[in-house]
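Report on the structure given below.
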Amino acid sequence: MDAESLLLSLELASGSGQGLSPDRRASLLTSLLLVKRDYRYDRVLFWGRILGIVADYYIAQGLSEDQLAPRKTLYSLNCTDWSLLPPATEETMAQTAMVKGRFMGDPSHEYEHTEIQKVNEGEKIFEEEVVVQVKEETRLVSIIDQIDQAVAIIPRGALFKTPFGPSNVNRTFEGLSLSEAKKLSSYFHFREAIDLKNKTLLEKADLDPSLDFMDSLEHDIPKGSWSIQMERGNALVVLRSLLWPGLTFYHAPRTKNYGYIYVGTGEKNLDLPFML
């Protein structure tokens, strides 16, 4: 959700129980404006909150003028002091893949797990157990990137792609119609397209290259991983992810108000395919 319309956005997303205390809201309103100024971001999004046992992580993201360029992620424990996180890499993903359970809420906390590694000694190959330590800050980077790749979404038409490549905010976007807002095909993943590149020319024939340049939610696997509901007398559409419980997207049809927020433990629902 956009930091400039934070109070309205929190109100629209409050139907899922995602709320903040008045003092946290006041701190966020001030500190996110300072983050935007100091880091010279084009937009700042309040991403959400990852619940820890000792403390919670409040997450914000800074966007450049090209909306699909790699986003800068920051975290805070008090909504006032923000620390920049390093970008996610394949190495950090592999390191944190074995870590399970809740976050502690302490960035310096270290998780330990054992890995079996093969060791060559001459012509013989031995297997030995090695204790691997992973910092919670590294795990935080990995989980945020996984959630962004899987369930960060945006309505069709909110961004447009210029012939020169960059994706910009569509200033003429006035919201989806009520009938369009009820369809999963009207929402895209807020990242560079992956599945779209594998489509044939015949499948791309009906697509508008300036608007349909991201992957649609209707092709997500497993089918049924999204819950779509109309609230407030059809004045608000809410999408909830069943794959990453805690992710809520909201959009008021025929208005520019849309956004998403994650409030959860940072744990993926691996049982979803068996629940559908």
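The values are calculated or read from the model by the stated rules, or taken from the named source; none is laboratory data. What you see is a predicted model; the values in this text were computed from it and never measured. As a convention, Cβ positions derive from the backbone with ideal geometry for all residues, glycine included, and neighbour counts pool all protein chains shown. These area figures cover heavy atoms from the full protein model, side chains too; ligands, DNA and RNA do not enter into them. Shrake-Rupley method; radii C 1.70, N 1.55, O 1.52, S 1.80 Å.
Figures for the structure shown
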| read-out | value |
| --- | --- |
| Size of electric dipole in the chain: Cβ of Lys, Arg +1 and of Asp, Glu -1, about Cα centre, debye, nearest 20 | 1200 debye |
| Cα-based Lys proximity count in the stretch 176-276, under 25 Å, for pairs eight or more positions apart or on separate chains | 14 |
| Probe 1.4 Å, all protein chains present, accessible-area order of MET214, MET275, largest first | MET275, MET214 |
| Length gained when the stretch LEU178-ASP271 is fully extended (0.36 nm per residue, less Cα-Cα span) | 30.2 nm |
| Average accessible area per residue (Å²) across the stretch 60-195 - probe 1.4 Å, nucleic acids and ligands excluded | 55 Å² |
| Charge context of PRO107, other residues only, Cβ under 14 angstrom, K/R +1, D/E -1 | -4 |
| CD proxy at 222 nm, helix term only [per DSSP H run n ≥ 4: -39500 (n - 2.57); per residue of the chain; nearest 500] | -6000 deg cm²/dmol |
| Highest average packing first - 49-57, 146-154, 93-101, Cβ atoms within 10 Å | 146-154, 49-57, 93-101 |
| Per-pair calculated FRET efficiency, R0 = 41 Å: ARG171 and HIS109 via Cβ, rounded to 0.05 | 0.40 |
| Cβ-defined net charge surrounding ARG156, 12 Å radius [Lys, Arg +1; Asp, Glu -1] | -4 |
| Dipole of the stretch 4-104, positive end: most advanced residue of GLN95, GLN61, LEU51 [Cβ charges, Cα centre] | LEU51 |
| Simple label model, 7 Å out from Cα along Cβ direction - ALA69 to GLN133, nm | 3.7 nm |
| Percent accessible area from carbon and sulfur atoms, the chain, protein chains only, probe 1.4 Å | 53 percent |
| Gain upon complete extension [ARG232, LYS197; 0.36 nm per residue less C-alpha separation] | 8.8 nm |
| Stretch gain in nm, segment SER5-ILE221, where the contour uses 0.36 nm per residue and the Cα spacing is subtracted | 74.5 nm |
| Inter-probe distance in nm under a simple model that places probes 7 Å from Cα toward Cβ, at LYS100 and SER21 | 3.4 nm |
